[in-house]
Amino acid sequence: MRLKHYSLRTEQAYVDWIKRYIRFHGNRHPSELGSRDLVGFLTHLATHRNVAASTQNQAQSALLFLYREVLALELPMLEGVTRAKSPARLPVVLTKTEVAALLGRLTGVYRLLGQLLYGSGLRIMEGVRLRVKDVDPSQRAILVRDGKGAKDRVTMLADRLVPALRRHLVHVRHLHALGALREALRDTRIVKLATPHTLRHSFATHLLESGHDIRTVQELLGHSDVRTTMNHYGTAYEKTKRRTDELVAGKLLPESMKAASRATIH
């Protein structure tokens, strides 16, 4: 898995699913099991464990990796799997006021990490793994190396974060960052079901609401397909598009600009 540049978290998740699969079938060796056994396990996850669709998909990916890459066995088409339902959920997004309140509860390097998640749209592990050489203060840019899907990307860096990054970046990787951010979320008494990843969602939504193009946001987030960005942030994008259309139509223009426009037309 490491030769294929899988993340450590993916590696750990795959190993866990393989263990669960083996235990489910009475500790039999996977080479003794086949497609029907794999279908039975995946169906069990959906019907008895009520897992999310993404969880079931991860389990399937882990077991297909086991058979194809480790055991060098190609399984026939998996037919008859009862699929977990995939609910259409919009991401939780904080308002700018809520973001300011949350970041205000963090201090020191924890505050810096929170500002990176929101100001640059980083995933939490991307922020924790950030290195000094990945930051280009002169270009106000961050190079995210080996992100999700083993892809590199460049994202923005806020001016105000440059001094703090120079002071604290070398210490970020040693943090218990997740716990600190969760504690700050509780302290702010924000009633939304927010997580540290919510700062990334808020970053994207606020960019779209400020008029940035959906393709630009896609690249900053590192999504390989714009449909992923649209699925997550389509509501904010459509709201911005409607506002832009209204501006073009003159509905939201200040009176002075409308008058100038009418004068030009006539």
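The values are calculated or read from the model by the stated rules, or taken from the named source; none is laboratory data. This is a predicted model, so every value here is computed, not measured. Counting neighbours? That spans all protein chains shown, and the Cβs are built from the backbone with ideal geometry, glycine included.
Residue count for the stretch 113-143 satisfying the condition of being crowded, with 22+ Cβ neighbours inside 10 Å and within 15 Å of Ala158 (Cβ to Cβ): 11. The single condition among (1) aliphatic (A, V, I, L, M); (2) closer than 28 Å to Lys4 by Cβ; (3) touching a helix residue (DSSP H, G or I) at 6+ places or on another chain (Cβ under 9 Å) that Met156 does not meet is (2).
For the stretch 239-254, the criterion of a residue being at pLDDT below 80 and under 21 Å from Glu98 (Cβ atoms) is satisfied by at least one position. Taken as a whole, the structure places Leu75 among residues that are in a loop (DSSP other than H, G, I, E, B), more than 22 Å from the chain's Cα centre (by Cα) and touching a residue at least 12 places away in the same chain (Cβ under 8 Å).
Remark: Ala62 falls outside the filter, which requires a residue to be surrounded by 13 or more Cβ atoms within 10 Å (Cβ to Cβ) and either touching a Leu at 6+ places or on another chain (Cβ under 7 Å) or closer than 30 Å to Ser202 by Cβ (or both).
Note on the stretch 188-220: residues that are part of a helix (DSSP H, G or I) and within 19 Å of Leu106 (Cβ to Cβ) total 8.
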